[in-house]
Structure formats: C-alpha cells, structure tokens
Amino acid sequence: MLKAILVDDEPLFLDHFEKLLAEINDGIDVVGKYINPHQALAAIFKEQPDVIFLDIEIPKLSGIEVAEKIQSSSLQTKFVFVTLYREYAVEAFELNAMDYLVKPVQQARLTKTIDRLSKDLHRHSMSKEPTREATLCFFRSIQFKCSGKGSKPLDVRWRTSKARELFAFLVHHRQKPVQKIDLIELLWPETDGDKGMTQLYASIYQIRKTIASVGFNIHITSHHDSYMLDLNGITFDVDVWEQRLSELSTVSDDTLPRFQALIDMYPGDYLEEYDYLWAVGERERLRSLWLRCVMEVTDFMIAKGNYVEALPFFHQVQERYPYMEDSYFNLIHLYDQLGDRYAVDQQYAKLEEMLGL
C-alpha cells in the first residue's frame, strides 16, 4: 500500500481530495492531511511517505520550498503539485515533480498520475541492487557501468548535447553549489534570462530522467539560486584512480605491479571526447599525473637495464600523445641501447613527420 501525505491551505479541498483518492485506488493510505506546511514537513520526515500531494501557494512556506527541503534530504519521497495555477509548471518539473495537477482535479487525470506513481516506485525498487554497484566513468567519455551486467557500458541516450554537458559540469563540481545564472551563461549565453532559465529547467529534468533510466541514484538538488550534484555513493572512476595513486609512494620491485595496474586504469584523458573548455584544466592535471606515473615506472626499469620492458610504455605515450617529442627521443635512446638501428631510423622518421620537416 502506498503512503501519502496531503498539504493544502484549504481544509475542504483536503477532505475532497482524500475521498477522490479513495474512489480511484483503495491501495493508497493517506497518513496525514496538513494546512500548516511546517507541521507537514515534520510529519513527512517522520512518516517518510511514498508521495506528497501539495499545493504551491501556501502561506508561511510555499509548496516549492517544501519540495526543495525534501529534495535536499535523503528521502526518496515523490511529490505531486496540485494547484489552481498553471504558470508554476516549469518550476515544478525543475524540482523533478512526479506530476502537476490543475484544480479542479479530474478523476481520469488523477488516475493517470497514480498509475505513473505505482510504476515508478516499482521500477525504483527493482533498480536498488545495481545502484549499489554502479560506476560513473569520465576517463575518455561519459559512461555508466554496473557490475553484474558485464563490463560493457550501459546504453545511455542523452536527449540533447546541452543536457549531457550540464550533467558533466555538475559532476565536475560535485558536492558544491553551482549558481544557476553561471550555468545559463555557460550553456545558453545567447538567450535572455527567462528563456535561459526555461532551458536550464528542461535540461535538469532530462538529466534526472536519463539517470533514473539506468538506475543510478545520483541526486541533483535545487537550492534557490543554485544546483548541487551528489553522487550518493556511486563510484567515480576519476576518484578511484586518484585514491589508488595517492596510496603509492615510490616504484620498487614490490610496488611495480600496482604502478603498472594504475597506468592501465587510465584509458584516456578526462572527458577527452568532448570539446568542453571548462574541462581542460582538470584534463591536463590528470594527464600530468599519469605521465609522471609512466616516467617513474620507465625510469625504474631503465635503471635496472630492463629496456625491453620499458618500450611498451613509451609506445603507449606516443600513440596517445603523438605531439610530445619526449616519447620519440626516449624510444630512440632505448632502441639504440638495444642495437636496433632500423627501429631508431623509424623513430627519427616519425619525429620528422610530426614536426613537419
């Protein structure tokens, strides 16, 4: 049975709406009706209902503010706005409302809402297990992976490229509030304020739907003039890679396998498949860490005279970053030490081609 709480400043409407719900579906248990939004909030956190039906224009604390407080908490409660006013629809869906009902509420329309709610809650309960094993990847491209479903990325289709970039930017600034006006200036600089805000709200709505479609319980909360993204326990490949790097000090016979594994864990640069100017700094920082890791490993191997073992690492750097001259000179030196004149000449030819000589 679904637990529901009703919030409206009109007692008669609360009684009417409760009867309407009972007529449509006897599987909904109304555990509270409130005209005071502060009392409603206290009851919501105590009862943790499945859904809240609330008006928008409530004295003392608006329905929008109530929804924001719920959204910024750990509650998984859904909410449906029930109001006389149509003009709040965009703002309601920006808060990820399950639905938006205009008074007087028609029975057929409410039935559709209840059906959607039941299906959504069922889908959420089915997706709990993969959520705990989920990994978000930003090396090379944005990918969603779940252990238990193979190593292949999940099929995620972004509605627009702007929604994808907005998601990436919020992840980039995870756990930190990002001003809405800054997001509009970044993604829709040519639009005026109202149109830009509408674009932003629509993109946030699309992102939430995309994330939900793959069962990732990532939270995006709205705090008046800003948004904040919380990965909510989802593994992030960049964080994992940096954490493992921080656990290593110097290369030795004992730590060499871990350094090699760390090099292999870096499949490509941070968001390298996207032309995001704001990601360049982080991309270069992580690339420098990876290159330093490679150099420490190859320096260790060369010092021990293991030239052949060092070769693949320099070839990997050259293939990934063909414009870096050091890889050519390092390979020339190693092949010379090994007496492979043909390989030395090949590297000289590649270097000249890269330099345009």
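Among the residues of the stretch 187-225, the ones that are farther than 22 Å from residue 100 by Cβ and not in a loop (DSSP other than H, G, I, E, B) come to 2 in all. Among the residues of the stretch 69-86, just one is modelled with pLDDT under 80 and outside any loop (DSSP other than H, G, I, E, B), namely 71.
Remark: pairs (first residue in the stretch 21-46, touching a residue at least 24 places away in the same chain (Cβ under 8 Å) and not assigned by TED's automatic domain parsing to the domain that holds residue 65; second residue surrounded by fewer than 16 Cβ atoms within 10 Å (Cβ to Cβ) and small (Gly, Ala, Ser); Cβ separation under 8 Å; 6+ apart in sequence or on different chains) are absent. The selection criterion, being of a type outside the set (A, V, I, L, M, F, W, C) and either more than 30 Å from residue 161 (Cα to Cα) or crowded, with 17+ Cβ neighbours inside 10 Å (or both), does not hold for residue 285.
So which residues in the stretch 204-263 are over 15 Å from the mean Cα position of the chain (by Cα) and aromatic (Phe, Trp, Tyr)? Correct list: 241, 259.
Condition check for residue 86 on (1) closer than 30 Å to residue 166 by Cβ; (2) in contact with a Leu (Cβ under 9 Å, 6 or more places away or on another chain): one failure, at (2). Only one of the numbered conditions (1) assigned to a helix (DSSP H, G or I); (2) of a type in the set (A, V, I, L, M); (3) in contact (Cβ under 8 Å) with a residue 12 or more places away in the chain; (4) within 30 Å of residue 184 (Cβ to Cβ) is violated by residue 280, and that is (3).
Which one of 19, 103, 112 is over 27 Å from the mean Cα position of the chain (by Cα) and modelled with pLDDT of 90 or more? Every option except 19 fails the conditions.
Say whether the condition of being among the small types (Gly, Ala, Ser) and either on the phi > 0 side of the Ramachandran plot or in contact with a Gly (Cβ under 6 Å, 6 or more places away or on another chain) (or both) is met by at least one residue in the stretch 313-329. The answer is no, given that none of the residues of the stretch 313-329 is among the small types (Gly, Ala, Ser) and either on the phi > 0 side of the Ramachandran plot or in contact with a Gly (Cβ under 6 Å, 6 or more places away or on another chain) (or both). Tell me which residues, restricted to the stretch 237-294, are modelled with pLDDT under 95, hydroxyl-bearing (Ser, Thr, Tyr) and touching a Cys at 6+ places or on another chain (Cβ under 9 Å). Selection gives nothing.
The values are calculated or read from the model by the stated rules, or taken from the named source; none is laboratory data. Predicted, not measured: the structure shown is a model, and the values here were computed from it. With ideal geometry, Cβ positions are generated from the backbone for all residues, glycine too; neighbour counts draw on all protein chains shown.
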